[in-house]
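Encoded as structure tokens, the structure appears first; notes follow it.
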Amino acid sequence: MPQILDKKLLYKIARSIGKGEKYTREQISRRASRLGIASEASQILWAKELGIGTARFQRALEPHIQQQVRDHLPTVFARQSEVSKRQRIHGRPSRRRVPSLRQEVILTAAIDYLLEDDELRSRCSDLLKAKAKFDRVFREATTVLDDRLRKLAGISDTRMVPSDLVVKVLHPNNPILRVSIDTSEQEGLFAVCRGLFQAFRNPTHHQLSDKFTRKDALRFCAFVDALLTVLEHAQRTP
């Protein structure tokens, strides 16, 4: 299947590095071969290195290529580390353009890498990029988890509080969603989800707090993302 690069993104990369589109295409292809990924994924990763926004272009890719981008995002972080080290050693960067990531681009790459769930990522990304008020991330992430439990279990009663919902859906004695035939594993996930709602969802839904940092919020979202992945693979009992 032929690989098709996005022309607008190709132009932006070429303009950013001060080279022609033919040269840029060749470099994208070489990077793709070196990483063992599709050229479309290589194009997105290079654009991220250069601080070029890629969200719209990335969404247009096939799911397996989007996964390649997520899997290789650490190479973007490594590239930034290399550039920063070079600048520390040699002092101020030379007049020749050296690709460098702005802080928000690094954050976007981290979000894309850590959050695979589309709903969670779309609802929390803008909050994670805010300058403050990160308790909102905890409220939104736990709401996504609450909503997912209801949908997967087929529960339409929105009046049920989350802790009771977890008991109804995941309790090891008679779960609607079975994540494991091992009772201890089922009990473990049940306890984790119930504790998460009690320790984080309830406080952040009933009062405002400025104690959370962006790092706290990002770590929490990544944990919720992992729980959502486990729940998506659960079996619904009759």
**Report entry** Computed helical MRE - 222 nm, the chain, DSSP H runs ≥ 4 contributing -39500 (n - 2.57), nearest 500
**Finding:** -20500 deg cm²/dmol
Query raised in the report: What is segment 136-184's relative contact order, in percent, from Cα pairs under 8 angstrom and six or more apart in sequence?
Result: 26 percent
Report task. Starting at the first residue of segment 150-164, write each ³J(HN,Hα) from the Karplus equation 6.51 cos²θ - 1.76 cosθ + 1.60 with θ = phi - 60°, in whole Hz, x for Gly and Pro. Result -> 5, 5, 5, 8, x, 9, 9, 6, 7, 7, 5, 5, x, 5, 5
Report summary line: So Ser163 and Ser33, fully extended at 0.36 nm per residue minus their Cα-Cα distance, gain in nm 41.9 nm
**Report entry** Over the chain, relative contact order from alpha-carbon pairs under 8 Å, at least 6 apart, %
**Finding:** 17 percent
Report task. Please report Leu73, Leu107 as a ranked list, fewest other C-beta atoms within 10 angstrom at the top and most at the bottom. Result -> Leu107, Leu73
Report summary line: Computed D for the chain, Stokes-Einstein, Kirkwood radius over alpha-carbon pairs, 4 °C, 1.567 mPa s, to the nearest µm² per second, is 64 µm²/s
Query raised in the report: How about Lys151: which lysines have a C-alpha closer than 16 Å to its C-alpha, ignoring those fewer than 8 places off in the same chain?
Result: Lys168
**Report entry** Given Lys22/Lys129; Lys7/Lys129; Lys48/Lys133; Lys12/Lys131; Lys22/Lys131, the pairs whose alpha carbons are separated by over 31 Å
**Finding:** Lys22/Lys129; Lys22/Lys131
Report summary line: Residue-ordered couplings for segment 53-62, obtained by feeding phi - 60° into the Karplus form 6.51 cos²θ - 1.76 cosθ + 1.60 and rounding to whole Hz (Gly and Pro as x), are x, 10, 3, 5, 5, 5, 5, 7, 7, 5
Query raised in the report: Going by how many other beta carbons lie within 10 Å of each one, how would you line up Lys129, Lys168, fewest first?
Result: Lys129, Lys168
Report task. May I ask for the angle, rounded to the nearest 10°, between helix 118-128 and the longest principal axis of the chain, with both axes built from Cα atoms and the value confined to 0 to 90°? Result -> 70 degrees
Requested in this report: Report the far tail of the P(r) of segment 117-238, meaning the percent of Cα-Cα pairs longer than 25 Å.
Outcome: 22 percent
**Report entry** FRET efficiency for Thr229 and Tyr23, using Cβ-Cβ distance with R0 set to 45 Å, rounded to 0.05
**Finding:** 0.65
Requested in this report: Calculate how steeply helix 21-35 sits against the longest principal axis of the alpha-carbon atoms of the chain, using the helix alpha-carbon long axis, and give the answer as 0 to 90 degrees to the nearest 10.
Outcome: 50 degrees
**Report entry** Gaussian network model of the chain, Cα within-10 Å springs - most flexible of Asp126, Asp146, Asp112
**Finding:** Asp126
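Every number here is computed from the coordinates shown, using simple stated rules; none is lab data. The model shown is predicted, which means the values in this text are computed figures rather than measured ones. We place every Cβ from the backbone using ideal geometry, glycine too, and count neighbours over all the protein chains shown.
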